[in-house]
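Notes to accompany the following structure.
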Amino acid sequence: EHALAIALPALRAPPLAVTSAAGYGPPHSAGAADAATSDGGGPVTRGINHVALVCSDMAATVRFYSSLLGMRVVKTIALPDGGQHFFLDMGDEAGGGTLAFFWWPDDGKTPPHAPGVATAARDALARGHQPRSAPGSLNHIAFTVPEAQLAATRARLQRAGVWCSAVVHHADSRSGFAARRDDERVIVVSTYFFGPDGEMIEL
């Protein structure tokens, strides 16, 4: 039902037909013929083509990422098993990478949510700890945002009812953090929050 809640063009993929990841990025992305070799001359990879997560509500996920972070859906694929695979432009001007999601109908075949196992748990972050998740899980995804826009973006999220961490000053220090932005050891400033299915996001 959720797949029909938003009007998106869907492309039916034939059973067992896998589209190369190169179809979702620039010509030099994953699967391109001119990729480097692992002979010591540098990485074989050319950045991230897409990161794929799983959502429980396709419409809610699209609303969250489009209305709060300005991302737009650039492609959807209707899967043979009734699911959807959709891709959002995350503003990767250099590599053209996308943020992707799978959605499947509630047919009892998809594993349940597992905060603290498959995803990071919010309670640990709220206590000031780095949330742990199981090996092989996606702990969090970090998007680049100009620091000058961070406060305004964080405020917009909070107005929409999204819990956000305090602004964190990551630093080249023993603790990994600094108390103030003007500390010369600060290397990046960020905030954390969670998406509709508990996926941890960093800006």
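The values are calculated or read from the model by the stated rules, or taken from the named source; none is laboratory data. Only a predicted model underlies this, so the values are computations on that prediction, with no experimental measurement involved. Please note: Cβ atoms are built from the backbone with ideal geometry, for glycine as well, and neighbour counts cover all protein chains shown. Please note that ligands, DNA and RNA were not included when accessible areas were found on the heavy atoms of the full protein model with its side chains. Shrake-Rupley method; radii C 1.70, N 1.55, O 1.52, S 1.80 Å.
Miscellaneous remarks
- Environment charge at HIS50 (Cβ cut-off 14 Å; Lys +1, Arg +1, Asp -1, Glu -1): 0
- Highest mean first, the peptides 164-172, 181-189 sorted by other C-beta atoms within 10 Å per residue fall in the order 164-172, 181-189.
- List LYS109, LYS75, ordered by accessible area with a 1.4 Å probe, largest first: LYS109, LYS75
- Listed residues VAL117, VAL62 arranged by accessible area, highest first, probe 1.4 Å: VAL117, VAL62
- Highest mean first, the peptides 79-86, 194-201, 124-131 sorted by other C-beta atoms within 10 Å per residue fall in the order 194-201, 79-86, 124-131.
- Taking a ≥ b ≥ c as the square roots of the eigenvalues of the Cα gyration tensor, segment 111-187 is oblate, since a/c reaches 1.5 or more and a/b is not larger than b/c.
- Amide hydrogen proximity for VAL74: with H placed 1.01 Å from N in the peptide plane, the residues at 5 or more positions away or on another chain lying under 5 Å are PHE87, LEU88, ASP89.
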